[in-house]
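Peer 1: Could you have a look at this structure, given as structure tokens, before my questions?
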Amino acid sequence: MAVLKHGPVVPQVESLLRDRLRDGYWTPGERLPNEVQLAAEIGVGRSSVREAVRLLARDGLLDVRHGSGTFVAEPPPDSPGVHRLLRRARLLEVYEVRRALEVEAARLAAQRVRPEDIGRVRAGLCKRQELLGAEPAEFVDADLAFHRSIVELSGNALLLDLFAAAEPVLHEAITEMFRHERELPDVSDAHADLLDALERGDADAAVAATVTHLEAIVSEIRTAVSGQ
């Protein structure tokens, strides 16, 4: 039985199944165990498995054939272009979620941050900057840790729960972005501006820095999608 962390289940099940597909645990055309079997193996409810499968089918990784079962999707002949388009479409969704969560978190954090909190946030930003150019997963770990610290400073437990629920999907999608996308904008200045806004307690500036960071990436992805 898989060991899941505390928190929302569907993102964790999706991530687990996605890892298995990427690692070749099931081969293209192979039928997956049914919902009951997967749910029992992973230790979750059938509805969680069903939703995770739906998300993977939406991304073109699974083929749900009603009455027959769920199969690993066969790579299409133009696989690289199709997969690139799907990946970029997913990234747009990821950054929509990030904007919904992190803009409000930044505003609240600027209003509620204490002087003794700034050192911890600055250390997190320094680690992020040190890992620029490192292995993507390692850099994304540091990047999301920095942003998680700001969500924590918001003092809003629900925002933090939502961020924690989205984090596995964010991590995977952003790691893939750094592995496959070229000429991504350097948003280091926006991160430094966010830290400066928090230190000054300037909520408007914190929001502006967060929007600048996220919109710079979204603009690049939209341009890439439109030129696909």
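Peer 1: I'd like to check something: does region 129-137 contain any residue that is buried (at least 18 other Cβ atoms within 10 Å of the Cβ) and either touching a helix residue (DSSP H, G or I) at 6+ places or on another chain (Cβ under 9 Å) or outside the structural domain of Asp59 (by TED's automatic domain parsing) (or both)?
Peer 2: No.
Peer 1: What are the residue pairs meeting all of these: first residue in region 18-38, first residue at positive phi, second residue outside any helix (DSSP H, G or I), Cβ atoms under 7 Å, and 6 or more apart or on different chains?
Peer 2: Gly29/Phe71; Gly29/Val72; Gly29/Glu74
Peer 1: So is Leu16 closer than 30 Å to Leu158 by Cβ and modelled with pLDDT of 85 or more or not?
Peer 2: Criteria met by Leu16.
Peer 1: Is it the case that region 10-32 has a residue that's over 18 Å from Val72 (Cβ atoms), aliphatic (A, V, I, L, M) and not in a helix (DSSP H, G or I)?
Peer 2: No, there is no match, as no residue in region 10-32 is over 18 Å from Val72 (Cβ atoms), aliphatic (A, V, I, L, M) and not in a helix (DSSP H, G or I).
Peer 1: For Arg128, state whether it is over 15 Å from the mean Cα position of the chain (by Cα) and touching a residue at least 60 places away in the same chain (Cβ under 8 Å).
Peer 2: It is true that Arg128 is over 15 Å from the mean Cα position of the chain (by Cα) and touching a residue at least 60 places away in the same chain (Cβ under 8 Å).
Peer 1: When you look at Val121, is it part of a helix (DSSP H, G or I) and modelled with pLDDT of 95 or more, yes or no?
Peer 2: It is true that Val121 is part of a helix (DSSP H, G or I) and modelled with pLDDT of 95 or more.
Peer 1: Let me ask something else about it. What is the residue count in region 29-45 for residues that are in contact with a helix residue (DSSP H, G or I) (Cβ under 8 Å, 6 or more places away or on another chain) and surrounded by fewer than 17 Cβ atoms within 10 Å (Cβ to Cβ)?
Peer 2: 3
Peer 1: Same structure, new question: Could you tell me whether Gly133 is under 17 Å from Glu104 (Cα atoms) and in a loop (DSSP other than H, G, I, E, B)?
Peer 2: Criteria not met by Gly133.
The values are calculated or read from the model by the stated rules, or taken from the named source; none is laboratory data. Nothing here was measured: the structure is a model prediction, and the numbers come from that model. Positions of Cβ are generated from backbone atoms using ideal geometry, with glycine treated the same way; all protein chains shown enter the neighbour counts.
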